[in-house]
Amino acid sequence: MAEEKPLGDVIRGARVAAGMSLRDFAKALDKTPSYLSDIENNRRVPAEPVLRDIVRVLPLDYDDLMARAGRFGEQATRYMMRTPGAGVLMRKLSDANASSEFLEKLTKLTEEAADQEKKESGQ
C-alpha cells in the first residue's frame, strides 16, 4: 500500500481512470449508484464480497483494498484468534507506527518464508 489514500478515493480514482461513470460502475456491480457514491466518499465501508466484485471490475489489488477498508478477512481473523502471537505482532507494529516501507519489507520476507516452507514440506 504505497499511497496513504482512503479506500473511497482509490476506488473513485480507478473508476475514473477506467473511463467508467458511477452508473456504469453500479450496473457492473449490481449495486445502486448511491451505495457506491457513499463508498467513494468514504461514508461506507464495503463488505468483503463487494470488495471482491470491485476488483473484478477495476484493476485494483484486493489485499490493498482490504487493508484500506480496515478488514483482515475471515481466514486472517481466525488465524489471529488461534495464534495470539499474530495479534501481538499487529499491536507492536501499530505501537511502533511502522512505515509503509517497513511493512512492504516484512510482507516480502513473510511471503519468501512461506514459499520456502511450502518447498520444504513438498507442497
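Remarks
- Beyond 28 Å in Cα-Cα separation lie the following of the pairs LYS5/LYS92; LYS27/LYS105; LYS27/LYS108; LYS5/LYS31; LYS31/LYS118: LYS27/LYS105; LYS27/LYS108; LYS31/LYS118.
- Solvent exposure of the range 1-43, expressed per residue, is 60 Å² of accessible area, with all protein chains present and a 1.4 angstrom probe.
- Net lengthening on full extension, ASP30/ALA113 (0.36 nm per residue, minus Cα-Cα): 25.9 nm
- If you plug the beta carbon distance of ARG43 and PHE72 into 1/(1 + (r/R0)^6) with R0 = 35 Å, you get a FRET efficiency near 0.95.
- Descending by average beta-carbon neighbour count within 10 Å, the peptides 76-83, 93-100, 7-14, 19-26 line up as 7-14, 19-26, 76-83, 93-100, the highest first.
- Plainly put, the chain has a radius of gyration that is 1.04 times its Kirkwood radius, both from alpha-carbon atoms, as the Rg/Rh ratio.
- Straight-distance candidates among the aspartates and glutamates for linking to LYS119, with alpha-carbon spacing under 16 Å and chain neighbours fewer than 8 residues away dropped: GLU111.
The values are calculated or read from the model by the stated rules, or taken from the named source; none is laboratory data. Everything quoted here is computed from the prediction, not taken from an experiment. Glycine gets a Cβ as well: all are built from the backbone with ideal geometry, and neighbour counts include every protein chain shown. Ligands, DNA and RNA are stripped out before the accessible areas are found, and what is left, the full protein with its side chains, is counted by its heavy atoms. Shrake-Rupley method; radii C 1.70, N 1.55, O 1.52, S 1.80 Å.
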